[in-house]
Amino acid sequence: MDIEKRSFEIITEELGYDLPEKEAPIIKRCIHTSADFDYAKNLCFSEDVVEKALKALKNGACIVTDTQMGRSGINKKRLAQYGGQVYCFMSDEDVAEKAKRDGTTRAVASMEKACELDEKLIFAIGNAPTALIHLYELIRAGKIRPELVIGVPVGFVNVIQSKELILELSDTPYIVARGRKGGSNIAACICNALLYNL
């Protein structure tokens, strides 16, 4: 705890300027997780997203991730205190079968499986741009209305484009890391930053 506290003090010192009050804990936790100060500039927040996300979590929203790594990094005990749980369907047999049958990816099929859940959902996508693109399509088609989309896939192919699509959504709260940076650890740490703020 002391090391973490000191780490956040160093981050604040090295930033050298004040971050927006509501977004600051999320931005600082991303920097803390990655030791990368670029997150102070590349994280994009839709209007009132932090308040909306906290309200959803307090009301028992569940989190859907696109990797088991992302799922394992989220503080499930804290989430459970409010009635939520974390889902990742990527390893599910029915998801693999559907992806093969439809000629798509597991990431696409897992987003479709998430649509069948009758719960308030937060999506934390840190790895698969195809998951983010398909989620965008499902939102546009009116098949799902997420409480929040965390769009932080990492990499080089379709990553930037997938994030820019989410930024076009006017009625969906989002936290997006523009550019190539991100990852399952960043998706999980954004979820935790929100959970620790409750």
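The values are calculated or read from the model by the stated rules, or taken from the named source; none is laboratory data. Quick caveat, the model's predicted, so the values are computed rather than measured. Counting neighbours? That spans all protein chains shown, and the Cβs are built from the backbone with ideal geometry, glycine included. In case anyone asks, the SASA skips ligands and DNA or RNA and just uses the protein heavy atoms, side chains included. Shrake-Rupley method; radii C 1.70, N 1.55, O 1.52, S 1.80 Å.
For the reader, a short list of remarks on this structure follows.
- Filter pass, residue 162 being under 16 Å from residue 87 (Cα atoms), touching a helix residue (DSSP H, G or I) at 6+ places or on another chain (Cβ under 6 Å), of a type outside the set (D, E, K, R) and open to solvent by less than 20 Å² (accessible area, probe 1.4 Å): no
- For the range 140-182, a residue qualifies if it is touching a residue at least 60 places away in the same chain (Cβ under 8 Å) and among the small types (Gly, Ala, Ser), and the qualifying residues are 177, 179.
- Candidate set from the range 26-35 (those that are open to solvent by 30 Å² or more (accessible area, probe 1.4 Å) and touching a helix residue (DSSP H, G or I) at 6+ places or on another chain (Cβ under 8 Å)); member that is nearest to residue 150 (Cα to Cα): 29
- The number of residues in the range 42-84 being in a helix (DSSP H, G or I), open to solvent by less than 20 Å² (accessible area, probe 1.4 Å) and hydrophobic (A, V, I, L, M, F, W, C) comes to 6.
- Members of the range 82-110 found to be farther than 15 Å from residue 70 by Cα and either within 19 Å of the chain's Cα centre (by Cα) or of a type in the set (Val, Ile, Thr) (or both), listed by number: 82, 83, 84, 95, 104, 105, 106, 108, 109
- Single unsatisfied condition, residue 10 versus (1) part of a helix (DSSP H, G or I); (2) of a type in the set (Val, Ile, Thr); (3) within 15 Å of residue 195 (Cβ to Cβ): (3)
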